[in-house]
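The values are calculated or read from the model by the stated rules, or taken from the named source; none is laboratory data. Worth saying up front: this structure is predicted, and the values here are computed from it rather than measured. Here Cβ is always computed from backbone atoms with ideal geometry, including for glycine, and neighbour counts include all displayed protein chains.
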């Protein structure tokens, strides 16, 4: 087998990854960048995509060349992503407080279909972005070259940060802004009464799902109340939030100046990259809303059939209603242990489990290159800065309880459930991802050094290692 690359997503389940798999098989071909092989594996709560690395790179470059020639191709896709995300947010405004216990099973299944229809579109229309900017970095590399030519190599990192400052205010940013106003509204309210204050209750309802990610948990009332009390006792934290929001607005103003100095075509590519980043940030927020609501549905539907949320996450959203009524717990448990979806050009996308899945998994692992032990890794700049700290290897954000302020977060990738940890982190390093990945987006919002796409950082560094992150150079190295 040719050299493979594995995109490993801890906490991602079949009801999430089957939609992007369909995009990689069908939609990439329609865009003129077909793959010939894709395997998707699921093993005890972790999903992985397996691709022929050189083919993925070649087809990503091919798609980028089409976009460079006609940027409207990508702009149309981004509009479709925006439409699907807005549809999901609209559903959330109506459903967040819905009492599912009172609904019939038929009504619950109708809600599942209503929610996952735009979710399918959101996933599939978001994948062409990943073809260019996940593992591949074609558009961002082009923009960096434009910056070096116009502003000089020494200013590349800083100008790139300014030009990629998004115009979309993420849930995280909106929450921070609303939190400042909430502090003023509740300044005279006793701490013991904050949880029953109408303004706090409204804030909780609005933002409880913002860090839900793939599998939660949602933020509880105690999280918001403790933050309010904590800010009262430490005004520096509140000032830091205000300063960060102010600096972000300054970046947006500076961005206008930089864009005006670029020739029209080059300006268009820089604006397209920014639009790509905004689209991904919005898609991440919409995914959190989807799975927050979806797991509520699964909880109630599972109760009625004696199935868990984890088991129902294994079903394909497109035929969920049909499978829900007939699937057995044993079938779902078998798939949870190990399931492999295998596709080759000209053949069907087929699922295997048990011994056949084990054999295919062994074949896939044999196609991976051996990891060489080194003391330094290179990746891509997501946000500049240089810092030293203790490495913390985090594969599941939910399992970590002792992450210290200033520690260096090293993960395969991040999702919204990592946000509380990222707030404490001195820097962020990931195996997977391009400039549009979650880690890069949030690091820019939080203004923390971030190096993405190192491929093997979680395998090279050990928990507790002293490491230096030089995001300006895109380098992470062991110093002790």
> If you check 62, 79, 54, 113, which single one turns out to be more than 30 Å from residue 369 (Cβ to Cβ), touching a residue at least 24 places away in the same chain (Cβ under 8 Å) and in a helix (DSSP H, G or I)?
Replying inline: 113
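One line per residue, one yes/no per condition, for (1) assigned to a loop (DSSP other than H, G, I, E, B); (2) more than 16 Å from residue 457 (Cα to Cα):
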| site | (1), (2) |
| --- | --- |
| 395 | yes, no |
| 401 | yes, yes |
| 413 | yes, no |
| 421 | no, yes |
| 429 | no, no |
>> Among the numbered criteria (1) in contact with a strand residue (DSSP E or B) (Cβ under 6 Å, 6 or more places away or on another chain); (2) outside any strand (DSSP E or B), which one does residue 451 miss?
In response: (2)
> Can you tell me which residues in region 246-267 are surrounded by fewer than 16 Cβ atoms within 10 Å (Cβ to Cβ) and either free of Cβ contacts under 8 Å to residues at least 60 places away in the same chain or in a helix (DSSP H, G or I) (or both)?
Replying inline: 246, 247, 249, 250, 252, 253, 256, 257, 260, 263, 264, 265
> Is one or more of the residues making up region 198-210 in the same structural domain as residue 145 (by TED's automatic domain parsing), over 30 Å from the mean Cα position of the chain (by Cα) and free of Cβ contacts under 8 Å to residues at least 60 places away in the same chain?
Replying inline: yes
>> Exactly one condition in (1) surrounded by fewer than 17 Cβ atoms within 10 Å (Cβ to Cβ); (2) part of a loop (DSSP other than H, G, I, E, B); (3) in contact (Cβ under 8 Å) with a residue 40 or more places away in the chain is false for residue 189; which is it?
In response: (3)
>> From the list 419, 428, exactly one residue is in contact with a strand residue (DSSP E or B) (Cβ under 7 Å, 6 or more places away or on another chain) and either touching a residue at least 24 places away in the same chain (Cβ under 8 Å) or over 19 Å from residue 158 (Cα atoms) (or both). Which is it?
In response: 428
> farther than 30 Å from residue 29 by Cβ and either buried (at least 19 other Cβ atoms within 10 Å of the Cβ) or modelled with pLDDT of 95 or more (or both) - does that describe any residue in region 111-122?
Replying inline: yes
> When you go through 160, 209 one by one, which is the residue that is assigned to a loop (DSSP other than H, G, I, E, B) and surrounded by 19 or more Cβ atoms within 10 Å (Cβ to Cβ)?
Replying inline: 209
> Within the bounds of region 306-315, is there any residue that is touching a helix residue (DSSP H, G or I) at 6+ places or on another chain (Cβ under 9 Å), touching a residue at least 24 places away in the same chain (Cβ under 8 Å) and within 30 Å of residue 78 (Cβ to Cβ)?
Replying inline: yes
>> For region 306-322, which positions are assigned to a helix (DSSP H, G or I), over 25 Å from the mean Cα position of the chain (by Cα) and crowded, with 16+ Cβ neighbours inside 10 Å?
In response: 321
> So is residue 36 surrounded by fewer than 18 Cβ atoms within 10 Å (Cβ to Cβ) and farther than 19 Å from residue 333 by Cβ or not?
Replying inline: yes
>> Suppose we filter 327, 340 for residues that are over 28 Å from the mean Cα position of the chain (by Cα), buried (at least 16 other Cβ atoms within 10 Å of the Cβ) and under 27 Å from residue 116 (Cα atoms); which single one remains?
In response: 327
> Within region 83-102, restricting attention to residues that are touching a residue at least 60 places away in the same chain (Cβ under 8 Å) and part of a loop (DSSP other than H, G, I, E, B), which residue is nearest to residue 210 (Cα to Cα)?
Replying inline: 96
>> Here is a check on your reading of the model: is residue 72 assigned by TED's automatic domain parsing to the domain that holds residue 11 and on the phi > 0 side of the Ramachandran plot?
In response: no
> Among the residues of region 138-155, how many are over 19 Å from residue 265 (Cα atoms) and either crowded, with 20+ Cβ neighbours inside 10 Å or touching a residue at least 12 places away in the same chain (Cβ under 8 Å) (or both)?
Replying inline: 0
> With respect to residue 407, is the statement that it is more than 27 Å from residue 129 (Cα to Cα) and either modelled with pLDDT under 95 or assigned by TED's automatic domain parsing to the domain that holds residue 243 (or both) true?
Replying inline: no
>> I need a count of the residues in region 1-23 that are closer than 15 Å to residue 122 by Cα and in contact with a helix residue (DSSP H, G or I) (Cβ under 6 Å, 6 or more places away or on another chain).
In response: 4
